[in-house]
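Let me begin by presenting the structure, written as structure tokens, before commenting on it.
The values are calculated or read from the model by the stated rules, or taken from the named source; none is laboratory data. Fair warning: this is a prediction, and the values are worked out from it, not measured in the lab. Here Cβ is always computed from backbone atoms with ideal geometry, including for glycine, and neighbour counts include all displayed protein chains. Keep in mind that these areas ignore ligands, DNA and RNA; they rest on the heavy atoms of the full protein, side chains included. Shrake-Rupley method; radii C 1.70, N 1.55, O 1.52, S 1.80 Å.
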Amino acid sequence: MVSMKDIDARWIEHALTLADEAGAAGDVPVGAVLVDELGEAIGRGINTREVNADPVGHAEVNALREAGRARGNWNLSGCTLYVSLEPCTMCAGAIVNARISRVVFAAWDPKAGAAGSVRDVLRDARLNHTVEVVGGIAEEQANRQLVEWFEARRD
């Protein structure tokens, strides 16, 4: 089990900064950064679903794609994915398939989360891989980003 002292706070902050970039570009503010075993960022992603009309343009998927290209391999075992919001079912499936070792996220998603809130795809022992999950470590900041973004669009 990982303790909070094992979490590198700069990466969750980076994911939150990427979420701001997504929001400024007109997409739902979610950001993700994939960090390798040496502590180096090898993939970054922001939501691009709205701006690119891409049904799978989630921050996590975009970060996984970039990391796979950087490594020249789909298997990203040993890596940690830092993300501003709990991954959805689609993203959780991609994380499992990429063999990510750990996911650290800022805020739980009580509507669509698949890392322990609504579903727990990442730790489902029936799958071929399970992922260590650390959630809710910057909940207030991440929730504020989302609430402010959606409120601005409703006005």
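Among the trypsin sites (Lys or Arg not before Pro) found in region 77-112, those both in a DSSP coil and sparsely packed, with 12 or fewer other Cβ atoms within 10 Å of their Cβ, are Lys111. Looking at the chain, the accessible area is 49 square angstrom per residue; that uses a 1.4 Å probe and ignores ligands, DNA and RNA. Based on the alpha-carbon gyration tensor of region 67-141 and its eigenvalue square roots a ≥ b ≥ c, which shape applies: rounded if a/c is under 1.5, prolate if not and a/b is larger than b/c, or oblate? Because a/c hits 1.5 or more and a/b fails to exceed b/c, region 67-141 counts as oblate.
The helix-based estimate of mean residue ellipticity at 222 nm for the chain, built from -39,500 (n - 2.57) per DSSP H run of four or more residues and divided by its residue count, is -11500 deg cm²/dmol to the nearest 500. Based on the reciprocal of the average 1/r between different C-alpha atoms, the Kirkwood radius for region 1-74 equals 12.7 Å.
By definition, a body whose alpha carbon gyration tensor gives a ≥ b ≥ c is prolate when a/c is 1.5 or more and a/b is larger than b/c, and region 62-106 fits this prolate description. Can you pull the percent of Cα pairs in the chain with separation above 22 Å? Summing the P(r) tail past 22 Å for the chain gives 33 percent. Here the chain has 50 percent of its accessible surface on carbon and sulfur atoms, given a 1.4 Å probe and all protein chains in place. Of all complete DSSP H helices in the chain, those with a Cα span along the helix axis of 15 Å or greater and a mean Kyte-Doolittle hydropathy of -1.0 or more are 9-24, 59-71.
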